[in-house]
1. Output yes when any residue across region 34-50 is over 30 Å from residue 368 (Cα atoms) and touching a residue at least 24 places away in the same chain (Cβ under 8 Å), and no when none is.
2. Scan the helices (runs of 4 or more DSSP H) fully inside region 25-113 and keep the ones with 1 or more residues being buried (at least 23 other Cβ atoms within 10 Å of the Cβ) and outside the structural domain of residue 341 (by TED's automatic domain parsing).
3. Could you run through region 270-314 and say how many residues are in a helix (DSSP H, G or I) and under 19 Å from the mean Cα position of the chain (by Cα)?
4. Of all residues in region 349-370, which are surrounded by fewer than 15 Cβ atoms within 10 Å (Cβ to Cβ), under 17 Å from residue 298 (Cβ atoms) and out of contact with any helix residue (DSSP H, G or I) (no Cβ under 7 Å at 6 or more places or on another chain)?
5. Looking at region 315-350 only, could you name the residues that are within 26 Å of residue 175 (Cβ to Cβ) and either in contact (Cβ under 8 Å) with a residue 60 or more places away in the chain or part of a loop (DSSP other than H, G, I, E, B) (or both)?
6. Go through region 127-152 and count every residue that is in a strand (DSSP E or B), in contact (Cβ under 8 Å) with a residue 24 or more places away in the chain and under 19 Å from residue 174 (Cα atoms).
7. Scan region 8-24 residue by residue and report those that are surrounded by fewer than 17 Cβ atoms within 10 Å (Cβ to Cβ) and modelled with pLDDT of 90 or more.
8. Please identify the pairs in which a residue from region 77-103 that is at positive phi has its Cβ atom under 9 Å from the Cβ atom of a residue that is in a loop (DSSP other than H, G, I, E, B), counting only partners at least 6 apart or on another chain.
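The values are calculated or read from the model by the stated rules, or taken from the named source; none is laboratory data. All of these numbers come straight from a predicted model, not from anything done at the bench. Every residue, glycine as well, gets a Cβ built from its backbone with ideal geometry; the counts of neighbours run over all protein chains shown.
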């Protein structure tokens, strides 16, 4: 049997590849972006409570009402706006589903979508599968801020949407108010839709504040805000995400969602709803993760890598361009096999494989694991 692949350039993701290699080599896995520690026992007890309580059948298609209301309340507390829980909040099976459904809701064949690179690897396949055409705009080096003049120059009569991400994966850049205002001006001028990936919304450092695009009056009516409970509460394996969007967009979003997964695991939704009653569970996260970031940065200072401190997310980038022109994919493989520390080569986040000799490490791990990884990374010069 033969057929034409809809994604001919797509193979096994680098995250799967590096995690498999880390396991084979018994290496410390600082590659894939998942926490290396357990979730709060109180949250696990709530799951047990609702599982044993019989909450094990299909949830409503748009999500359990209690969780949608809790999420709207969180939005009010952290962002100053209260989306309609029943009409504008949808619970989905992971943020990747939210992103795919959002693209599918608004992108038609021939539509162009602005993609800021480097970017998370699910964006482009979702655009392509919906017949869209990704238009790539590189972020500025070395801080990965947005070149808004360049973005504006890429907008044409075919541009339908732009996908954005803050805090940013892989760089950790956090959008400023200026960034939000510049985007809003372009969206209003050109009538664009926005798919906003905000999965690291509560993981910010040095006093920074996350500005959700849904909170901006000019962006609110044209934006899908996609988020993740898994990233926030160290339960990535639950695959529970959400989308907040105005009524018209939510209606189209739900048409897609009901034929992707229809509904999301029920007892976990009830558990998360009750867990969200205590705001400290997410308000305390910046301090929790900054301690890990600072520990990792302190160790990196003893290596020859150059870097700028991550502003948010699970990730820290390092550059070795001043040391070697060796490909980042090769160096990542050698680090895994010889130094026994796995990371991600940043070239995989670019459509053309642009290699600036930059690596991404995930520091969402136990402190003792980070200390040992740093001890091994100090031997990096043996690979040059």
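1. Yes, region 34-50 contains a residue that is over 30 Å from residue 368 (Cα atoms) and touching a residue at least 24 places away in the same chain (Cβ under 8 Å).
2. Working: elements: 41-52, 65-79, 95-106.
Result: 65-79, 95-106.
3. Going through region 270-314, the residues in a helix (DSSP H, G or I) turn out to be 270-275, 280-283, 285-300.
When the remaining residues are screened for being under 19 Å from the mean Cα position of the chain (by Cα), the result is 282-283, 285-286, 288-290, 292-293.
Number of matching residues: 9.
4. 366, 368
5. The first filter runs over region 315-350 and keeps only residues within 26 Å of residue 175 (Cβ to Cβ), leaving 315-319, 321, 328, 343-350.
Across region 315-350, the qualifying residues are 315, 316, 317, 319, 321, 343, 344, 345, 346, 348, 349, 350.
6. Applying the first criterion (in a strand (DSSP E or B)) to region 127-152 yields 133-138, 140, 145.
This time we only want the ones that are in contact (Cβ under 8 Å) with a residue 24 or more places away in the chain, so: 133-136, 138, 145.
Retained after the next criterion (residues that are under 19 Å from residue 174 (Cα atoms)): 138, 145.
The number of residues fulfilling the criteria is 2.
7. 20, 23, 24
8. 94/239; 94/240; 94/261; 94/264
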